[in-house]
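Participant: Here you go, one structure.
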Amino acid sequence: MSYQERRAVVGILGTVLISGGYLAYMLPRQPVADAYSPEIFRFWGTFFLILIGVSIIVRILITIVFSILNAIATRERDTGLTDERDKLIELKASRNGFYMFVAGFVLAMIAVVMDMPPSTMFMILMIGGVASELVSDMSEFWFYRWGI
């Protein structure tokens, strides 16, 4: 398995662990109130803001630990050099992740139009965001493993 494939697998595992752990930690803390009360909107606002911060910090730590462990295990290091193929793979993976995010956003807006509670919209946005990260990392793995 190449360095890029291992990096994509670590990205997939990191996304699942960060999102799943944070979701399991925060959902029991959701306030029991009217679906349209300010507390619900405050909860989801802080939910996403904290998730963004936690995700950035944990991803940086995961990347550092992965680089160290990979260098120890394989006795090679990432040179940071990328060629046209690497850039093309990154662009195609980003495109696929973007399509997934847009699909999740459209589903969330459809939920609002269908008079579903705001919590449903926020959950769909959360799932769409996580799914877009997973699709991007899986696409990157796929392109490196089986070609463009």
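Participant: Of all residues in segment 79-97, count the ones that are farther than 30 Å from Leu23 by Cβ and either free of Cβ contacts under 8 Å to residues at least 24 places away in the same chain or touching a Lys or Arg at 6+ places or on another chain (Cβ under 8 Å) (or both).
Facilitator: Of the residues in segment 79-97, the ones farther than 30 Å from Leu23 by Cβ are 79-88.
Then keep just the ones that are either free of Cβ contacts under 8 Å to residues at least 24 places away in the same chain or touching a Lys or Arg at 6+ places or on another chain (Cβ under 8 Å) (or both); that gives 79-84, 87.
Total satisfying the criteria: 7.
Participant: For segment 8-48, which residues satisfy the criterion of being without any contact (Cβ under 8 Å) to a residue 60 or more places away in the chain and among the aromatic types (Phe, Trp, Tyr)? Write out each step before concluding.
Facilitator: Applying the first criterion (without any contact (Cβ under 8 Å) to a residue 60 or more places away in the chain) to segment 8-48 yields 10, 13-14, 17-18, 20-22, 24-29, 31-34, 37-39, 42-43, 45-46.
Within segment 8-48, Tyr22, Tyr25, Phe43 qualify.
Participant: How many of the residues making up segment 24-83 are under 30 Å from Thr120 (Cβ atoms), part of a loop (DSSP other than H, G, I, E, B) and touching a helix residue (DSSP H, G or I) at 6+ places or on another chain (Cβ under 8 Å)? Show your work before the answer.
Facilitator: Within segment 24-83, the first condition is being under 30 Å from Thr120 (Cβ atoms), and the residues that meet it are 24-59.
Now restrict to residues that are part of a loop (DSSP other than H, G, I, E, B): 30-37.
Within this subset, residues satisfying the condition of being touching a helix residue (DSSP H, G or I) at 6+ places or on another chain (Cβ under 8 Å) are 30-31, 33-36.
Qualifying residue count, segment 24-83: 6.
Participant: Looking for something β-branched (Val, Ile, Thr), under 18 Å from the mean Cα position of the chain (by Cα), within 22 Å of Ile12 (Cβ to Cβ) and loosely packed, with under 14 Cβ neighbours inside 10 Å - is there at least one such residue anywhere in segment 112-131? Full working, then the answer.
Facilitator: Step one: filter segment 112-131 for residues β-branched (Val, Ile, Thr), giving 112-113, 120, 124, 127, 130.
Now narrow it down to the ones that are under 18 Å from the mean Cα position of the chain (by Cα): 124, 127, 130.
This time we only want the ones that are within 22 Å of Ile12 (Cβ to Cβ), so: 124, 127, 130.
After this cut, where a residue has to be loosely packed, with under 14 Cβ neighbours inside 10 Å as well, the list is none.
No: zero hits.
Participant: I would also like to ask the following. How about segment 49-62: which of its residues are without any contact (Cβ under 8 Å) to a residue 40 or more places away in the chain and over 17 Å from Met26 (Cα atoms)?
Facilitator: Ile56, Ile57, Ile60, Leu61 - these are the residues of segment 49-62 that are without any contact (Cβ under 8 Å) to a residue 40 or more places away in the chain and over 17 Å from Met26 (Cα atoms).
Participant: For Pro28, only one of the following conditions fails: (1) surrounded by 13 or more Cβ atoms within 10 Å (Cβ to Cβ); (2) over 17 Å from the mean Cα position of the chain (by Cα). What is its number?
Facilitator: Condition not satisfied by Pro28: (1).
Participant: Within segment 70-82, identify whether any single residue is out of contact with any strand residue (DSSP E or B) (no Cβ under 6 Å at 6 or more places or on another chain), surrounded by 12 or more Cβ atoms within 10 Å (Cβ to Cβ) and among the basic types (Lys, Arg), and answer yes or no.
Facilitator: no
Participant: For Met116, are the conditions met, namely being within 23 Å of Phe47 (Cβ to Cβ) and not in a helix (DSSP H, G or I)?
Facilitator: Numbers: within 23 Å of Phe47 (Cβ to Cβ): yes; not in a helix (DSSP H, G or I): yes.
It is true that Met116 is within 23 Å of Phe47 (Cβ to Cβ) and not in a helix (DSSP H, G or I).
Participant: Right, next: When segment 83-105 is examined, which residues are found to be exposed (fewer than 12 other Cβ atoms within 10 Å of the Cβ) and of a type in the set (A, V, I, L, M)?
Facilitator: The one that is exposed (fewer than 12 other Cβ atoms within 10 Å of the Cβ) and of a type in the set (A, V, I, L, M): Leu91.
Participant: Oh, and also: Can you work out which of the residues in segment 137-147 that are buried (at least 19 other Cβ atoms within 10 Å of the Cβ) and free of Cβ contacts under 8 Å to residues at least 60 places away in the same chain is nearest to Leu88 (Cα to Cα)?
Facilitator: Among those that are buried (at least 19 other Cβ atoms within 10 Å of the Cβ) and free of Cβ contacts under 8 Å to residues at least 60 places away in the same chain, it is Phe143.
Coordinate-derived values only; no laboratory data. Every value quoted in this text rests on a predicted model; they were computed, and no experiment measured them. Ideal geometry is used to build each Cβ from the backbone, glycine not excepted, and the neighbour counts take in all protein chains shown.
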